[in-house]
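Heads up: the structure comes next, in structure tokens.
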Amino acid sequence: MNYPYRLPVQFIVNINNSCGFMRTFPNIIYSGMRKLILISVLLQFCILSGCSLFRMPPHEPTLKQMSAGQVYFYEWTDDLNYEGLEQAVEQSVRYYRRLPSTYNFYYGGLVYSPEEMLSSLSLFMDIVKNSQGSKRVRELKEKFLFFESRNSDREAFFTGYYEPVLEGSLKPTGEFPKPLYETPDDLIKVDLGQFADKWKNERIVGRLEGQMLVPYDSREEIAYNQSLKDRARPIAYVNEIELFFLQIQGSGLIRLPDGSMKRVNYAQKNGHPYRSIGEILKASIPPDEISMQSIKAYLYANPDEVRDILSHNQSYTFFREVDEGPLGNIEVPLTPNRSVAMDRKVIPRGGLAFIETELPVLESGMITGWKTVKRFVLVQDTGGAIRNHGRVDVFFGHGKEAGMTAGHMKQKGRVFLIVARKEFL
């Protein structure tokens, strides 16, 4: 075995011959040698066995302001050449204009009002429209602050979502047996922040049973025990598996037998925590093949397992009909490739951001590779599985290509929040 910290033999001989050190202090040298060898053996054992003796503890997800040097050397280019960006910005402007002036947005220790957020977006679009090339980038670096939102791995994790189109009916049929419910009248939302500051931004959902607030019905109770049969109104009836994935996406279009469409959007959840069914399919689907498409295919091929698999996720989504959309959690229409969902508890809603990640390359409906993308986006949505810093869900629109892209997204990358410096507002 090699000991990386042992002393060379020639070094010991030279000491012995030149100064008599070994003859004078033999016990000290041999004792030191034995300690060095022991430490070396322990180090190599830890490396080979993967022990945690010298392993760094995981980092806390955080929002970290970039230094001037970091901002200067990063490449703030847009792979879509700013297409669709103005449309997305206008939707965030709609959101900020309807907020009370007392509402606050936090970037680290900095606090911005809705008016300042409006001014920040206005300044950004003014630079995008009136400057070109290096001048545009130089002005952005000079007039804006940049914060990196990092997860515990000091990076970001990206998934995708889209607006699916489902076939359905206004009445239950053999093909479309499952109701797509509106929010039940007996569902109660409780803002725990009104009871104590330590519960700020925490909410629970339940229903009254006598004078007690109890957890709301689970997916098992709603979907398989028909517990809401006389307590909630169905908007339409659809396929069981397609309904499950519609609830994950949060919005969609229902095509009825006469060709007409109903647009439905997220309204409320039953308050049970979201659990990914992909976790219990690892033994059935190879990890590198897990996607929305592969999970759907497995469910259709194994109908006897559908109930057990879907019931792994006891979270259940209720919908509402909308005229425009799909709507994000700030109640504005989402823009494909420009709107993203992040955790509303830690990320300023409606704000400007910049992402760097990989997207699949599609040819004839097949993924042929992956490409790196960098683009400006707006934080206009959230989601049950989108938690803490460094977690991003990108909206890709509707249609087959959007579904393929969203269904296969599970990429690493980086995400930055951007807001104007106060002195330029």
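The values are calculated or read from the model by the stated rules, or taken from the named source; none is laboratory data. Quick caveat, the model's predicted, so the values are computed rather than measured. Methodologically, a virtual Cβ is constructed for each residue, glycine included, from the backbone with ideal geometry; neighbour enumeration extends over all protein chains shown.
Please list, ordered by residue number, the strands (runs of 3 or more DSSP E) wholly in segment 179-254 having 1 or more residues that are of a type in the set (K, R) and within 29 Å of the chain's Cα centre (by Cα).
It comes to 188-191, 203-209.
Residues are listed down the side, and each one gets a yes or a no for (1) buried (at least 17 other Cβ atoms within 10 Å of the Cβ); (2) at pLDDT 95 or above:
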| site | (1), (2) |
| --- | --- |
| L80 | no, yes |
| Q91 | yes, yes |
| L99 | yes, yes |
| F105 | yes, yes |
| E115 | no, yes |
| F124 | yes, yes |
| I127 | yes, yes |
| S131 | no, no |
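Regarding Y237, is this residue among the hydroxyl-bearing types (S, T, Y) and either exposed (fewer than 13 other Cβ atoms within 10 Å of the Cβ) or at pLDDT 95 or above (or both)?
yes
Could you please find all residues in segment 260-289 being hydrophobic (A, V, I, L, M, F, W, C) and in contact with a strand residue (DSSP E or B) (Cβ under 9 Å, 6 or more places away or on another chain)? Before the answer, list the steps.
Of the residues in segment 260-289, the ones hydrophobic (A, V, I, L, M, F, W, C) are 261, 264, 267, 277, 280-281, 283, 285.
Correct list: M261, V264, A267.
What strands (runs of 3 or more DSSP E), lying completely within segment 324-425, carry at least 3 residues that are within 24 Å of G193 (Cα to Cα)?
The strands (runs of 3 or more DSSP E) meeting that bar are 366-381.
Return the pairs, sorted by first residue and then second, in which the second residue is part of a loop (DSSP other than H, G, I, E, B), the first residue lies in segment 154-177 and is of a type in the set (K, R), the beta carbons are less than 9 Å apart, and the residues are 6+ apart or on different chains.
R154/H59; R154/G390
Would you confirm whether or not segment 271-279 contains a residue that is part of a strand (DSSP E or B), basic (K, R) and touching a residue at least 24 places away in the same chain (Cβ under 8 Å)? Before you say what the answer is, go through the steps one by one.
The first filter runs over segment 271-279 and keeps only residues part of a strand (DSSP E or B), leaving none.
Taking every residue of segment 271-279 in turn, none turns out to be part of a strand (DSSP E or B), basic (K, R) and touching a residue at least 24 places away in the same chain (Cβ under 8 Å).
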